[in-house]
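Here's the structure, in structure tokens; my notes come after.
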Amino acid sequence: MGLMITYGNELIRFNPANGHIEYSTSRGANWNCRCSSNSIGNVKGLIQYGNELILCSDKGVFYSTSKGANWNVRCSSHKDFIDIQDAGKELLGSTADGHLYYSTSKGANWNKRR
């Protein structure tokens, strides 16, 4: 499950110890807080998708166009995703019970695949 990604010249991660979105411009030697809001919940997966960051958490699917400083809800009905992946023209969200969902709307709407 991806909780750290490379985004431009930064590493961006979710730190479960404090619940913050953090970034590093020193290849991980030092970390700075970018978002300390608990409104995004417990993050399970974090990806870059086009010019957005997208995460799944126990509160739904969120997106950011500000490198993770601010987050907006894209879909609150899928709080059960344990991971999210970029599959090119669609996003994939998986659940602990083995179901796979796909979205062709950047995560706004999801369809069960299997």
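Against the conditions (1) more than 26 Å from Lys89 (Cβ to Cβ); (2) exposed (fewer than 15 other Cβ atoms within 10 Å of the Cβ); (3) modelled with pLDDT under 95, Gly41 satisfies every one except (2). Just one of (1) touching a residue at least 40 places away in the same chain (Cβ under 8 Å); (2) in contact with a helix residue (DSSP H, G or I) (Cβ under 8 Å, 6 or more places away or on another chain) fails for Val61. It is (2). Taking first residues from segment 20-38 that are on the phi < 0 side of the Ramachandran plot and open to solvent by 80 Å² or more (accessible area, probe 1.4 Å) and partners that are in a loop (DSSP other than H, G, I, E, B) and aliphatic (A, V, I, L, M), no Cβ contact under 7 Å between residues at least 6 apart in sequence or on separate chains turns up. The residue that is most open to solvent (accessible area, probe 1.4 Å), counting only those in segment 1-19 that are in a strand (DSSP E or B) and not β-branched (Val, Ile, Thr), is Met4.
Just one of the listed residues (Lys67, Lys106) is outside any strand (DSSP E or B), touching a residue at least 60 places away in the same chain (Cβ under 8 Å) and touching a strand residue (DSSP E or B) at 6+ places or on another chain (Cβ under 7 Å), namely Lys67.
Filtering segment 71-112 to residues that are β-branched (Val, Ile, Thr) and open to solvent by 80 Å² or more (accessible area, probe 1.4 Å) leaves Val73, Thr104. For segment 18-35, the criterion of being under 23 Å from Lys106 (Cβ atoms) and within 11 Å of the chain's Cα centre (by Cα) is met by at least one residue. Take Gly68 and tell me if it is touching a Leu at 6+ places or on another chain (Cβ under 6 Å) and either crowded, with 16+ Cβ neighbours inside 10 Å or of a type outside the set (Phe, Trp, Tyr) (or both). Spelling it out, Gly68 is indeed touching a Leu at 6+ places or on another chain (Cβ under 6 Å) and either crowded, with 16+ Cβ neighbours inside 10 Å or of a type outside the set (Phe, Trp, Tyr) (or both).
The values are calculated or read from the model by the stated rules, or taken from the named source; none is laboratory data. Note that the structure is a prediction, hence the values are computed from the model and not measured. Positions of Cβ are generated from backbone atoms using ideal geometry, with glycine treated the same way; all protein chains shown enter the neighbour counts. For accessibility, only protein heavy atoms count, side chains too; no ligands or nucleic acids. Shrake-Rupley method; radii C 1.70, N 1.55, O 1.52, S 1.80 Å.
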